[in-house]
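Q: Can you read through this structure? Questions will come right after.
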Amino acid sequence: MIPRTAFIFLICIYRMNCLFGSLRPLSLALLMLIAPALLRAQGGLEQAKADVAYLTSPELGGRGYSDGGDLKAASYIRDQFTKLGLEGLSEGYFQNFEVQMNALVGPPMLKVNGKALVLGKDYLPDEGSGTGDIDGTLKVVTVGSGLVVPEKGIDDYKGKTVKDAVVLLDLRVPDKVQKDKSIDPVLWGHDNRIAIAASRGARMVITLVDQLSYGEYGRVTVIPVFKVFRKTFPKNVKTISAYIATSIRPFITQNVVAKLRGTSYPDSMIILTAHYDHLGSLGDNVYFPGANDNASGVAMLLGMARYFKAHPLKYSIVFIAFSGEEMGLLGSHYFVGDPLVDLGKARFLLNMDMTASGKEGVMAVGGVDFPSEFALLKAVTDSLGVKDLRKRENAPNSDQFYFIRNGMRGFYIYPFTGLQPYHRVEDRPATLQWDVYTRLDAIFRGFLEKL
């Protein structure tokens, strides 16, 4: 039975078609047939928003490891799978594995000229920061971009002594250096420049950045390192004091795996994936919600599970929510090495990562590798009016990488870079573009039904 609100909506459309001859006539019977699909789409979007709201809530603290946010997210995904009656492929639907993380021990502190900077707004600790306590008596030495390329006559430390000093380093790289193809990009990479400062005896490094973003956890330096937002950093720096304590610690995390049996060929499968982990929290008041990256992809994965439970395919579908992606695709790498299914029976893999922010077109990673499936994808996007579909070879930019490298066919499909504040505390539900999400949802469903 159609709900009263939908019935009123249909009657309004029907009357408009009767009144205005310029509109193509629609029968009430046809509208009644369309209504359930419209209602499902709206209900699916509202459920996706609810999924994202929970996954990005303070309760989960950025879905990191040190405070158990990853386990809460995994438990939520498992509960959605069990409500749908999907089959678990391991005990409790979980596949456990270990990660090593450079974790904060208590909140950090950073003061400039005696004024405390605001964590998350003015500064962030570097992901690989070591432990240190700087009392404000050390000299501050500015070293430009901190580059040392002897064969090019570049030495930003020339004439400067940084031993037992705080080094102030601009992470921007001069255009002439970036454009010089004879210079190895490793030399102007972040890690190399920090290592140079440490090797010359610096006690701490401050890097000036245009955006406060966070990233991988696994590496660690021997000295404290902070990122400071360039726009709020004082121009005249007299004293810098800081405290930070970090420790490389092991954590047990988990992939979440479930299966929906196919109607005709249950032994063959399509694999759908999305990572649920994000960057966690820094103290009690700052965390990275990860709305687009990748609560949106998890919502898409769960939406596919709900849709195909009601509209099953001939082939089985295996749903995998990965942990460890933000640390270097660790969860997907672990699964490929210890699969819970026979990967030789997988027909295709579709990875969902950052699905709710972007521009008009979409990119298919793996599209160059698998032209026949790309042709199917193009037929779907053409039918949906997507004018800009591009392709590239497989790359280690998300969880499809190790599967494809291991011989599986697959795509990672994402919208061109949009408005999302990537790896920043501002990646919240309010920044999401749900029209982009809805468009990708239609692309994914249409493509999977064509496979």
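The values are calculated or read from the model by the stated rules, or taken from the named source; none is laboratory data. These figures come from a predicted structure and were not determined experimentally. Cβ sites come from the backbone with ideal geometry, for glycine too, and all protein chains shown count toward neighbours.
Q: For the stretch 1-97, which helices (runs of 4 or more DSSP H) that fit wholly inside it have 1 or more residues that are surrounded by 17 or more Cβ atoms within 10 Å (Cβ to Cβ), modelled with pLDDT of 50 or more and acidic (Asp, Glu)?
A: Correct list: 28-55, 69-83.
Q: Considering only the stretch 118-132, how many residues are surrounded by fewer than 16 Cβ atoms within 10 Å (Cβ to Cβ) and in a strand (DSSP E or B)?
A: Result for the stretch 118-132: 0.
Q: Which one of these is under 19 Å from Ala364 (Cβ atoms), surrounded by 18 or more Cβ atoms within 10 Å (Cβ to Cβ) and either out of contact with any strand residue (DSSP E or B) (no Cβ under 8 Å at 6 or more places or on another chain) or outside the structural domain of Ala364 (by TED's automatic domain parsing) (or both): Val436, Val380, Val386?
A: It is Val380.
Q: Which condition does Arg200 not pass, out of (1) under 32 Å from the mean Cα position of the chain (by Cα); (2) surrounded by 13 or more Cβ atoms within 10 Å (Cβ to Cβ); (3) over 15 Å from Leu110 (Cα atoms), if it passes all the others?
A: It is condition (1) that Arg200 fails.
Q: Could you check how many residues of the stretch 389-407 are buried (at least 20 other Cβ atoms within 10 Å of the Cβ) and either farther than 26 Å from Ala291 by Cβ or not hydroxyl-bearing (Ser, Thr, Tyr) (or both)?
A: Counting residues in the stretch 389-407 that are buried (at least 20 other Cβ atoms within 10 Å of the Cβ) and either farther than 26 Å from Ala291 by Cβ or not hydroxyl-bearing (Ser, Thr, Tyr) (or both) gives 6.
Q: Let me ask you something else. Quick one: is Asp135 modelled with pLDDT of 95 or more and surrounded by fewer than 16 Cβ atoms within 10 Å (Cβ to Cβ)?
A: no
Q: Just to be sure before I move on: is Ile194 in a helix (DSSP H, G or I) and closer than 25 Å to Lys235 by Cβ in the structure I sent?
A: When the stated conditions are applied, Ile194 passes them.
Q: Restricting to the stretch 204-229, what's the tally of residues that are surrounded by fewer than 18 Cβ atoms within 10 Å (Cβ to Cβ) and over 25 Å from the mean Cα position of the chain (by Cα)?
A: Count: 1.
Q: Considering only the stretch 362-392, state which residues are acidic (Asp, Glu) and assigned to a helix (DSSP H, G or I).
A: Result: Glu373, Asp382.
Q: From Arg347, Arg306, grab the single residue that is surrounded by fewer than 21 Cβ atoms within 10 Å (Cβ to Cβ), of a type outside the set (Val, Ile, Thr) and within 20 Å of Ser75 (Cβ to Cβ).
A: From the options Arg347, Arg306, the qualifying one is Arg306.
Q: Looking only at the stretch 64-114, which residues are without any contact (Cβ under 8 Å) to a residue 60 or more places away in the chain and out of contact with any helix residue (DSSP H, G or I) (no Cβ under 8 Å at 6 or more places or on another chain)?
A: Gly68, Ser75, Asp79, Lys83, Glu91
Q: Of the residues Ala395, Ala356, Ala430, which is of a type outside the set (Asp, Glu) and part of a helix (DSSP H, G or I)?
A: That would be Ala430, the only listed residue that is of a type outside the set (Asp, Glu) and part of a helix (DSSP H, G or I).
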